[in-house]
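The structure under discussion appears below in the form of structure tokens.
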Amino acid sequence: MHDKNKSWCYKSFFSDSVVLVSFDDSFESLLKLLVNTWRITQVLIGLKLPVRGAVALDEMHVDENDNIFIGKGLLEAYELEHSQDWIGVAIENSIFELYKESFLEYNRRYENLFEFIFPEYNIPYKENQQRNCNRVINWRLNFRHKEGIKSLFNDDGNDSVKKKINNTIDFIKEMKKKGFFYLLGDGVPIELRMYNFTDNLIDSEKSFRHGDEL
């Protein structure tokens, strides 16, 4: 269990962007970064703020005092984020290649939890921007909104936005088909347990039915 009084990773918020950087290159720091990314994605989507992101692996320089975040990792994450055509977060394949044995051990310890939260998926990309990347953050896992998923997205009559929303709904349907919506029970780490959302409110304790079939 993570100490709630300690930071999960370095963070920077500017303009319409959130930048997260792991404290070091250990597997533990990587997991904290990924889980923090998962939860932040849930919160933003739950508050009807559609988000698109990416997790990359490379060098970074961080100066929290002056809010300086620069490096190849940031550039690679930006390029991967910008190439996608949906509401969601992709993860670079190199991360799983480098930490393959650690992820396998994590899967054995937590009964395939890795596949639930970081599943393989055919990520939708913009035209001529295909990437070699096939794992994502499953923000739909242990996510419940009183008004349902469809209430969270508004295309405003924009065909480009409508396409992104449809691609996102396709992802949610695939997660439902695979049974990757909910993980319950005492064996689930507390950091991954259910969050319940009402309009502009997060309540991890209050229980209610999810608002639609998605």
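Read-outs: derived from the displayed coordinates by stated rules, not from any lab. All values reported here derive from a predicted model rather than from experimental measurement. Neighbour counts are summed over all protein chains in view; Cβ atoms, including those assigned to glycine, are modelled from backbone coordinates with ideal geometry.
Let me check I've understood the local charge: for Val51, count other residues with C-beta under 10 angstrom from its C-beta, Lys and Arg +1, Asp and Glu -1. What total comes out?
It works out to a net charge of -1.
Taking each pair of different alpha-carbon atoms in the stretch 107-205 once, compute 1/r for the pair, average those values, and report the inverse of that mean as the Kirkwood hydrodynamic radius in Å to one decimal.
15.3
In the chain, if the dipole is taken from +1 on Lys/Arg beta carbons and -1 on Asp/Glu beta carbons about the Cα centre, which of Leu31, Gly211, Pro50 is farthest to the positive end?
Checking the options against the dipole of the chain, the answer is Gly211.
What are the lysines whose alpha-carbon lies under 18 Å from the alpha-carbon of Lys176, with same-chain residues fewer than 8 places away excluded?
Counting by Cα, and skipping residues close in sequence, Lys176 has these lysines nearby: Lys146, Lys150.
Which residue, Ile68, Ile123, Asn142, has the largest displacement toward the positive end of the dipole of the stretch 10-203 when charges sit on each Cβ (Lys, Arg +1; Asp, Glu -1)?
Result: Asn142.
So how strong a dipole does the stretch 10-203 carry about its Cα centre when Lys and Arg Cβ are +1 and Asp and Glu Cβ are -1, to the nearest 20 debye?
I would put it at about 960 debye.
Evaluate the charge dipole of the stretch 113-195 about its Cα centre and quote only its size in Debye, nearest 20, assuming +1 on the Cβ of each Lys and Arg and -1 on the Cβ of each Asp and Glu. Kindly include the intermediate steps, with their values, before the conclusion.
Values: 15 positive and 11 negative charges, 25 e Å.
The calculated dipole for the stretch 113-195 is roughly 120 debye.
For the residue pair Glu120 and Lys11, what label-to-label distance in nm results when each label sits 7 Å from Cα along the Cα-to-beta-carbon direction?
Spacing of the two 7 Å Cα→Cβ label points: 3.4 nm.
Going by average Cβ neighbours within 10 Å, how do the peptides 155-167, 34-46, 116-128 rank, with the highest at the top?
34-46, 116-128, 155-167
Compute the FRET efficiency between Glu101 and Asn132 as 1/(1 + (r/R0)^6), taking r as their Cβ-Cβ distance and R0 = 30 Å, and round to the nearest 0.05.
0.90
Note the count of lysine pairs whose C-alpha atoms are less than 19 angstrom apart in the stretch 1-113, limited to pairs 8 or more residues apart or on different chains.
Counting lysine pairs in the stretch 1-113 gives 5.
Ratio of the chain's C-alpha Rg to 2.2 N^0.38 Å, to two decimals? Intermediate results must be reported in sequence, preceding the final value.
Numbers: Rg = 16.9 Å, N = 214, 2.2 N^0.38 = 16.9 Å.
Dividing the Cα Rg of the chain by 2.2 N^0.38 Å gives 1.00.
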